[in-house]
Amino acid sequence: MINRSLVRALVTSAALAGAGVLVAGCNSDDISLANNAKANQPVPPKLIADMTAKDMDLQSPILVRLFKQEAELEIWKQDRSGRFALLKTYPICRWSGDLGPKVREGDRQAPEGFYAISPAQMNPQSAYYLSFNTGYPNAFDKALGRTGSQLMVHGDCSSRGCYAMTDEQIAEIYSLGRESFFGGQKSFQLQAYPFKMTPMNMAKHRNNPNMPFWKMIKEGYDHFEVTKQEPKVDFCEKKYVFDAVKPPNATRDPVFDASAKCPAYVIPDEVADAVREKQATDLAETARLIAKGTPVARINTGIDGGMHRIFAARVPEGNTGLSEAGDGQSLSLMARAPGTIPSHVNPPKAPSDNLLMGTPEPPKLAAAPAPAPAAAPTAQDDGFFSNLARKVGIGGAAEATASTPPSKPKAIEAKRSEPARPEASAPKTTAAKPEPKQAAGRPPLKPSLTDTPATAKDNLVAGSAPIVPPNSFDSRFGAVK
């Protein structure tokens, strides 16, 4: 099966080139999304087995969600029922900036919001192993005058406004995107959030000036949560609109412009009702947590992003920065790191200003022998850092036991199951020229995550909106983004 996948990818690339139309576009600067050995690495057998177990096809559509605070990237894939299900969660090796959207060129912020990734945004010639362009700024960002360019998801575990994975991770993620395009998906949706949009996180960050923006994109988060369908994204009056359709008796679909007045539209009743129910439940729980005295997260100044704890624990003087273990983090510190951590990795600085009010700073995670396995966390677990702090005698009393969580809103069977659609308002752009070379010192290929042997030497631990303008990605890290 793996050999057939590789042969199919090569044959597809050759056929497209022979027809004079590359996947990435139609001008002389365009490149195929699978034109070299790195970009043609097969999907690992274990991941294919997971797809089979979850009733998914290799080339069915995908959807990506990113969470800064949890330092996680999720790959969701459409199963044979037409709904999306979680295929795999990848820990993020490095992201930069603060919690909040990117506003201007040079602010070092990794973007937040909804973006469409087309084949033209996939870069098989990346100097950072492999990459895809997030498509920032989208129509909403532009309507607000936000600036910035070349914001990527890439390898190399190094970020100045991007989401950086290990080379092995990006090879696997790239292969999943490639297969979905070969299967007919026109673009896949990227949803980037500051954190999981849970009542607890909304309560903690209730005083953050970005909260109005976060509540707006939470609506798209909720649409996906209740439908398990990719939400249709439009923009008008400088705001996001999700799953809008024409009103009854209308003769044509509404036309949206991010800077103009919203046209007449409606949201299908079955979607609107389910979202309304979820939002009411979330608001009630958030109010309960605030009344209970949930501490407010401090506003950060000068903090440069985060790193998943599984990587921070294996880097000398490593620190998670703004990242913290969320309820969904299932990776134990005993687990093998997913990929090779490069020697030039630059972990976040100690986040002394991002701690909760009144909470002492936890000890740094430094390179050291892995700790003994801990007991499985309970539903009331305070998290890795809180438990560690108490053990060494610097933590306070645990929070009061949370009440029974609110009942889940019913999931609905949305009628849409077609592949993702690019935003109608996104401008056409030219494709990127191949970057001249890879980052120095790295081999041309990396083994898959599931096939990488573990090592114990030093800090090496085993385990696509606008396209990149020509000649620009090589100088991507020459200035902050």
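Each reported figure results from applying straightforward, stated rules to the coordinates on display, with no laboratory input. Please read these numbers as outputs of a predicted model, since none were measured by experiment. Ideal geometry is used to build each Cβ from the backbone, glycine not excepted, and the neighbour counts take in all protein chains shown.
Annotations
- Scoring 256-263, 157-164 by mean Cβ neighbours within 10 Å over their residues and listing the highest first yields 157-164, 256-263.
- With Cα atoms defining each centre, segment 142-172 and segment 53-121 are spaced 11 Å apart in the structure.
- Using 0.36 nm per residue and subtracting the Cα-Cα separation, the extra length available between residue 284 and residue 251 on full extension is 7.9 nm.
- Set 46/186; 102/278; 77/239; 215/349; 88/196; 46/68 screened for pairs whose C-alpha atoms are more than 23 Å apart: 46/186; 102/278; 77/239; 215/349; 46/68
- 13 Å beta-carbon shell around residue 90, net charge (K/R +1, D/E -1): -3
- Highest-first arrangement of 236-244, 191-199, where packing means the average Cβ count within 10 Å: 191-199, 236-244
- Local electrostatic count at residue 259 - Lys and Arg +1, Asp and Glu -1, tallied over other residues with Cβ under 11 Å: +2
- A simple count of charges around residue 211, restricted to other residues whose Cβ falls under 13 Å of its Cβ and scoring Lys, Arg +1 and Asp, Glu -1, yields +3.
- Estimated inter-spin distance, residue 292 and residue 216, nm [label 7 Å along Cα→Cβ]: 3.1
- Packing rank of 206-216, 276-286, where each peptide gets the mean count of other beta carbons within 10 Å, highest leading: 276-286, 206-216
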